[in-house]
1. Can you confirm whether Ala24 is within 22 Å of Ala124 (Cα to Cα), surrounded by fewer than 17 Cβ atoms within 10 Å (Cβ to Cβ), of a type outside the set (S, T, N, Q) and in contact with a Leu (Cβ under 9 Å, 6 or more places away or on another chain)?
2. Please verify whether the stretch 103-117 includes one or more residues that are under 27 Å from Ala42 (Cβ atoms) and either free of Cβ contacts under 8 Å to residues at least 12 places away in the same chain or in contact with a His (Cβ under 9 Å, 6 or more places away or on another chain) (or both).
3. Could you list, in sequence order, all residues of the stretch 46-80 that are within 18 Å of His99 (Cα to Cα) and either part of a helix (DSSP H, G or I) or touching a residue at least 60 places away in the same chain (Cβ under 8 Å) (or both)?
4. Could you please find all residues in the stretch 106-143 being under 15 Å from the mean Cα position of the chain (by Cα), in a helix (DSSP H, G or I) and of a type outside the set (A, V, I, L, M, F, W, C)?
5. Taking only the stretch 10-45 into account, find how many residues are assigned to a helix (DSSP H, G or I) and either touching a strand residue (DSSP E or B) at 6+ places or on another chain (Cβ under 7 Å) or under 19 Å from Leu81 (Cα atoms) (or both).
6. Specify which of the listed residues (Arg129, Arg117) is open to solvent by 20 Å² or more (accessible area, probe 1.4 Å) and either closer than 26 Å to Ala88 by Cα or touching a Ser or Thr at 6+ places or on another chain (Cβ under 6 Å) (or both).
7. Among the residues of the stretch 118-147, which ones are free of Cβ contacts under 8 Å to residues at least 12 places away in the same chain and under 25 Å from Leu58 (Cα atoms)?
Amino acid sequence: FREDLERAIEYARAVSCPRLHCLAGVVAPQADRRELHATYVANLRHAAARLHDSRMNLLIEPLSEGTVKNYFLGASAQAILVLDELAAGNAFLQFDFFHMQVLEGNLAAKVERLLPRIGHMQVADVPGRHEPGTGEIHFEFLFRHIDAIGYAGWVGCEYNPAGNTVEGLKWATPYL
């Protein structure tokens with residue numbers, strides 16, 4: 001983990017990226033989740049300190065089971081507990097609308113409640129993990145909502161275009 005973290009910091013510096021997402025990993029069938037939790041928090045504590053020295057933020061993200069089977073971090077409440085235990089001023093939640101819809105729903109209320117803990121947001125629609133406007137999430141409403149509640153950060157795109165890439169970017173035109 002530490003070797004990979006150093007490489008990731010080097011890459012992030014090269015492209016002036018101020019945030020680094022540290023994945024939680026996949027749980028082996030017989031693993032002790034308490035031991036995994038302790039290791040995860042220890043690794044994040046180290047990462048948060050290293051990233052602080054590099055003037056970067058640490059991000060963690062719950063992922064849905066259908067996307068990554070047996071992923072360790074599978075709920076926003078679990079992520080917040082990890083962040084609370086970590087108690088690092090540069091550690092935040094990466095709020096992925098796709099995963100949060102699949103895992104928990106109630107996106108507007110959830111993003112509003114978690115806003116102080118969110119360091120980055122990203123989008124993909126449900127189902128299919130395609131661009132906004134291809135599924136059930138009402139992104140026009142959500143984008144207005146996150147503006148209204150004061151989110152001033154970036155909203156990244158992490159989706160598989162339903163068609164070609166250029167066509168898959170046309171949804172963003174009204175927001176540019």
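The values are calculated or read from the model by the stated rules, or taken from the named source; none is laboratory data. Predicted model only: the values in this text are computed from it and were never measured. Cβ atoms come from the backbone with ideal geometry, glycine included; neighbour counts cover every protein chain shown. Protein only, heavy atoms only, side chains kept; ligands, DNA and RNA dropped before computing areas. Shrake-Rupley method; radii C 1.70, N 1.55, O 1.52, S 1.80 Å.
1. No: the conditions fail for Ala24.
2. Yes, that holds for at least one residue.
3. Scanning the stretch 46-80 gives Leu59, Thr67, Ser76, Ala77, Gln78, Ala79, Ile80.
4. Lys110, Pro116, Arg117
5. The total comes to 14.
6. It is Arg117.
7. Correct list: Asp147 only.
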